[in-house]
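Just below is one structure, and these are the notes that go with it.
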Amino acid sequence: MIPAPFAYARPSTVDEALQAVASGGEDVKVLAGGQSLIPVMRLRLAAPETVVDLTRVAELRGVREEGDAIVIGAMTTHSDVLSDPLIARYAPLLAQATETVADRQVRHRGTFGGALAHADPAADVPGVALALDAEMVIAGLSGRRTVPAAEFFVDYLTTALEEGELLVEIRLPKREGWGTHYEKFNRVAQAWSIVAVAAAVRLEGGRIAEARVGLTNMGPTPLRATGVEAALTGADATAEAIAAAAEHAAEGTSPSSDLNAQADYRQHLATVLTRRALTAAAGL
Amino acid sequence: MQLENSFTVPVPIDEAWRVLLDIERIAPCMPGAALDSVDGDDFTGRVKVKLGPINLTYQGKASFIEKDEAAHRAVIDARGKDQRGNGTAAAVVTATLAAAGSSTRVDVLTDLNITGRPAQFGRGVMTDVGNKLLGQFADKLAAQLGEGDAQGDADRAAAAPAGPSGPAATAAATVTGAVEEVATSAEQAAGNGAGGQAVKKVAAGTKKAAAAATDKISATTEPDADTPAKKAAAKKTAAAKTAPVKAVPPLPEKTEESAPAATEGAPATIDTTQSAAEIAVAAMEANQAAAGTAPAASGPPKAPSGPPGGTTAPPPRPATGAPVRSVPSAGPRVITPPQQEPEPIDLLEVAGGAAMARYAAPAAGIAWALLILLLIIRRSRTH
């Protein structure tokens, strides 16, 4: 329960942080909110040589407007995301999903960027980032690059972040007038999703002009339910149309089986939760 | 837990069998694995598992417990211990070969048993991870076998005569061999993405050039077997320099850049290693560019899996800046899948348990205080 000894660095700027990561030796871990890293270190499943703590890097916190996007600092905590007016206006789906993340204590420490960089397939915010076409701004010693969410999540707990790089900002395109809903299924209130669905629909005169559906925990990475999205585009906003489209939710998914649920049960859940999420998002 | 994988390789069964038993050739196919020693049918080694924040290194031994030439069946028993005491991993791997025309079908059945904390971690994902690992292993093994023995033999031929003429020759052969291998893996990984064909072409070109260079090196080295290393190396350079010009017809940019880089580097060991690494990176970059969002299938190229006997074999991580890491896809992340029904550790619960432990001491203190208070009260009453 006590972690192995490690060196500790607490930089106050992104540049200092990058330097600290670069000079930290073989096995450097970046500490954001520590809600996943610290337990793993205490179990001694991870014993990093150096921990670079980003909590004092002020430039990584907060949400701002930039043209037709909102930019969320990677170290913005879940509770800051929940109370932010820009997110409430332009990306309410993110707030709805964040509200279901663990418990209040975890939401006060855990960060949006930390959850994305950890890339647990059962975590709630990655699916939303994918559904909303988020762009990840990644800083390295040689400069910054931007990776779309669709390419950011590579595999189980693995992202496009290279050794020595930091996730610094997340850009979300502004979306106004969309109906959104996050439907999560779990057995214990603060637990991870067994399956969850993030849905956003844009209605135009009783028809669904555009739909976006993100799936949580239906594979090693978050997924888009493209079959559902295609079936909904141009469809009438009726319960029947949504139910028919939701049948496509599990197409192409390969969820894992564990004590919480077998793969086929998860696939069944995906269709049911997609129908519920879309129904709520469309305001039916 | 049992994992099953099958693949087909385009070589006759006897050749496939020979390669399968060559542990030094199949060990590098396992993502994250390294051989420490080989002694007949017994060998020791390490397997590094990296999964997100989790880092485990299993160290242990393995041995062939069955080699049935008639049935073409080999059984390997492997067991290891995590270096930090996080439990053990044991596997019994049964590989069965079956002839299918001029190719061979390989069935791999793995009975895996993981104990300790890793078995409990991660809500059943270890099964996924295990399957993925074995899939990668099978892909790489298929690539090794498929490339045929031709390449392995060429490598060996290059390495063997190079011995007497000094380390430089061996190193050069090693490096070009490695380049060839990387190119092959790039070629295989290119898949059918938009630019897949182009990359395939590039990779094939690089491979050709590298093979040519390897051949030239061994060819040049043979007659000079007793001349000093320097002379051999010099000749080799000349030979190697001409190689790409002949072997590589006008090809896309990348090849033209990378192929000469390899061959020019031939005389100087370090340089060669680096250019090989550069090519690895270039090849993988090209591959990635083509593959687009699809992660490279074959995983990061292990630049240094050249032939044995290279006295200056390239370092496991080339000095140029970790090309192994530069592939965002299937790195040597994980190696070890779990037990039958692992009891999942809920990290939240773990954190909660710790909180209870924290309050245990104060709670005990309060209990003691109450007890003493009760005694005092009782005493004052009796008096």
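The values are calculated or read from the model by the stated rules, or taken from the named source; none is laboratory data. What you are looking at is a predicted structure, and each value in this text was computed from that prediction instead of being measured. Don't worry about glycine lacking a Cβ; one is built from the backbone with ideal geometry, like all the others, and counts go over all protein chains shown.
Details
- From A:Arg56, A:Arg64, A:Arg109, A:Arg89, residue being within 12 Å of chain B (Cβ to nearest Cβ) and basic (Lys, Arg): A:Arg109
- Residues within segment A:207-227 that are touching an Asp or Glu at 6+ places or on another chain (Cβ under 8 Å) and of a type in the set (A, V, I, L, M, F, W, C), tallied: 4
- Against the list (1) outside any loop (DSSP other than H, G, I, E, B); (2) hydrophobic (A, V, I, L, M, F, W, C); (3) more than 14 Å from A:Ala74 (Cα to Cα), the condition A:Ala115 fails is (3).
- If you go through segment A:193-214 and keep only what is of a type outside the set (A, V, I, L, M, F, W, C) and buried (at least 24 other Cβ atoms within 10 Å of the Cβ), you end up with A:Ser193, A:Arg212, A:Gly214.
- Screening A:Asn217 on (1) without any contact (Cβ under 8 Å) to a residue 24 or more places away in the chain; (2) surrounded by 24 or more Cβ atoms within 10 Å (Cβ to Cβ) shows it passes everything except condition (1).
Yes/no matrix, rows are residues, columns are (1) farther than 30 Å from A:Ile87 by Cα; (2) in the same structural domain as A:Gly114 (by TED's automatic domain parsing); (3) not in a helix (DSSP H, G or I):
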| position | (1), (2), (3) |
| --- | --- |
| A:Ser12 | no, no, yes |
| A:Ala17 | no, no, no |
| A:Gly24 | yes, no, yes |
| A:Val30 | no, no, yes |
| A:Gly33 | no, no, yes |
| A:Met41 | yes, no, no |
| A:Arg44 | yes, no, yes |
| A:Pro48 | yes, no, yes |
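- Hits in segment A:230-254 - residues which are part of a helix (DSSP H, G or I) and of a type outside the set (A, V, I, L, M, F, W, C): A:Glu240
- One residue stands out among those in segment B:1-57 that are among the aromatic types (Phe, Trp, Tyr) and touching a helix residue (DSSP H, G or I) at 6+ places or on another chain (Cβ under 9 Å): the one that is farthest from B:Pro118 (Cα to Cα), which is B:Phe7.
- Condition met for A:Ala149 (within 14 Å of chain B (Cβ to nearest Cβ), modelled with pLDDT of 95 or more, closer than 29 Å to A:Thr111 by Cα and surrounded by 15 or more Cβ atoms within 10 Å (Cβ to Cβ)): yes
- Of all residues in segment A:180-194 being assigned to a strand (DSSP E or B) and either of a type outside the set (A, V, I, L, M, F, W, C) or in contact with an Asp or Glu (Cβ under 9 Å, 6 or more places away or on another chain) (or both), the one that is nearest to the other protein chains (Cβ to nearest Cβ): A:Lys184
- Yes/no for A:Ser36 being crowded, with 17+ Cβ neighbours inside 10 Å and of a type in the set (S, T, N, Q): yes
- Residues of segment A:6-24 classified as within 13 Å of another protein chain (Cβ to nearest Cβ) and at pLDDT below 95, total: 0
- Filter result for A:Leu167 (surrounded by fewer than 23 Cβ atoms within 10 Å (Cβ to Cβ) and among the aliphatic types (A, V, I, L, M)): no
Conditions (1) buried (at least 18 other Cβ atoms within 10 Å of the Cβ); (2) within 11 Å of another protein chain (Cβ to nearest Cβ); (3) touching a His at 6+ places or on another chain (Cβ under 8 Å), marked per residue:
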site: A:Ala95; (1), (2), (3): yes, no, no
site: A:Gln105; (1), (2), (3): no, yes, no
site: A:Gly113; (1), (2), (3): yes, no, no
site: A:Ala117; (1), (2), (3): yes, yes, no
site: A:Ala122; (1), (2), (3): yes, yes, no
site: A:Leu130; (1), (2), (3): yes, no, no
site: A:Met136; (1), (2), (3): yes, no, no
site: A:Gly140; (1), (2), (3): no, no, no
site: A:Arg145; (1), (2), (3): no, no, no
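- Those residues of segment B:10-56 which are within 19 Å of the chain's Cα centre (by Cα), β-branched (Val, Ile, Thr) and over 30 Å from A:Pro39 (Cα atoms), in sequence order: B:Val19, B:Ile23, B:Ile26, B:Val38, B:Thr44
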